[in-house]
Amino acid sequence: MDVVALLGIGVLTGLTTVLFGFGGGFVAVPVVMWADTGLGPDAMRVATATSAVVMVVNSGFATAVTPRHTLVRLRGSGALVV
């Protein structure tokens, strides 16, 4: 696998995520499947698990950097449900 191609795809994924709000699983899962085609049928499992780990890390980071007063205001308010 060409490292330069994967880095370029990673930058493109990041740009589409920032600019348009999509790119994570939409782009990453097919790219990881393409990069891991040697795994055969397990490539889909690896791609899905990789995407899930990225989502967990991103959501944890977003929660960690959100100001505490914002989290307190949202807790139990039902605003997130809407």
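The values are calculated or read from the model by the stated rules, or taken from the named source; none is laboratory data. No experiment lies behind these values; they were computed from the predicted model shown. These accessible areas exclude ligands, DNA and RNA; they are computed on the full protein's heavy atoms, side chains included. Shrake-Rupley method; radii C 1.70, N 1.55, O 1.52, S 1.80 Å.
Data for the structure
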| item | result |
| --- | --- |
| Most mobile listed residue (50, 37, 13) in the chain, GNM with C-alpha springs under 10 Å | 37 |
| Helical mean residue ellipticity (222 nm; -39500 (n - 2.57) per DSSP H run of 4+; nearest 500) of the chain | -24500 deg cm²/dmol |
| Relative contact order for the chain, counting Cα pairs under 8 Å that sit 6 or more residues apart, in percent | 18 |
| Share of pairwise Cα separations in the chain, more than 19 Å, in percent | 53 |
| Carbon plus sulfur fraction of accessible area for the chain, probe 1.4 Å, in percent | 74 |
